[in-house]
Amino acid sequence: MQRGSLAGPLIVAIGLVVAAMAFAVVTSLLRTADGATELRLKRLEAALTEADAARGALDGRIAALTADVAQLRDSLSLVANRSEPVVAADPPAGEAFDEPPSEALTEEVRLARARFNKGVTQPKNRVMLELLGPPRESYSTACQPVTAPRLKALLETRTVGPITVSMIRPALDSLARVLERLRQSDPDIHAKVGTAGALCARFVRGSTSSISNHSWGTAIDLTLEGVLDPFADGGTQAGLLYLAEYFNDEGWYWGAAYNREDSMHFEVGEETLRRWRAEGRI
């Protein structure tokens, strides 16, 4: 009787021990599963974050390429609606152009465009947006003020040689060197240099999507004796050839090499802008 009376409690005790062990094992397994699940969730969240960042970069790249395509489309449309200018072949070494019969600085001469802008790249909108950001939120064909705080902080109005212009400070410093070099080599030409404008936030002439580089204060249009060089006629004022050489040496791009020749236009080249960025000047 005594043994029978002890068997029941013993079996119950063994059952409780087995149940406790089973509970401990199950709990441990659940904790392990929860930890693995949490780790997987963290990895998935990290992957999603990386994917979002990659998508953002891709969206920016697509926007830049779309702007480039729009700019090219506008340029092709404008070229298709005008006769192609006659471009002279490269002259013999040491000659940049055929000597005009007159010494007048505004005399139109045929231009050997291949002799200029060597090693200087014309900065497209995507480059300007990358380096300096958008000048403002909206544009038209008319000049409007710059509203972007970062760009506004770089702008300055300064008298440089015979002209007064508003541009970003590194461009003004560079322009001053160009005009000082011209003053020393050709003081008569230097005295007759004028400007048709520099800073001007607007679209490219004839476009409804491409932003003019004048908008960033990195481009300037020059005159000689108060006369503008005719736009897109395939020629250039003789006096501008002297300036073009000096601007090219400073890393500026001359607009005479555009598909639509624009000889009065000079703008800071991409290489120079990137160097200024690396130096912390823009």
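Points to keep in mind about this one:
- Accessible area, probe 1.4 Å, largest first, for residues Phe23, Phe203: Phe23, Phe203
- Cut-off 16 Å (backbone N to label point 7 Å along Cα→Cβ of Ser138), residues of the range 197-219: 201-203, 208-209
- Charge dipole (Cα centre; +1 on Lys/Arg Cβ, -1 on Asp/Glu Cβ; no other charges) of the range 171-282 amounts to roughly 420 debye.
- Overall form of the range 179-232 per C-alpha gyration tensor (a/c, 1.5; a/b vs b/c): prolate
- Near-label residues of the range 181-221 by backbone N, under 16 Å of a point 7 Å along Cα→Cβ of Thr159: 191-195
- On the basis of the beta-carbon distance and an R0 of 30 Å, Glu279 and Thr37 show a calculated FRET efficiency of 0.05.
- Three-way shape label, the range 148-282, alpha-carbon gyration tensor, a/c 1.5: oblate
- Cα gyration tensor shape for the range 104-219, rounded if a/c is under 1.5, else prolate or oblate: prolate
The values are calculated or read from the model by the stated rules, or taken from the named source; none is laboratory data. This structure is a prediction, so every number in the text was calculated from the model and none was measured. As a convention, Cβ positions derive from the backbone with ideal geometry for all residues, glycine included, and neighbour counts pool all protein chains shown. What goes into the accessible areas is simple: the full protein's heavy atoms, side chains included, and nothing from ligands, DNA or RNA. Shrake-Rupley method; radii C 1.70, N 1.55, O 1.52, S 1.80 Å.
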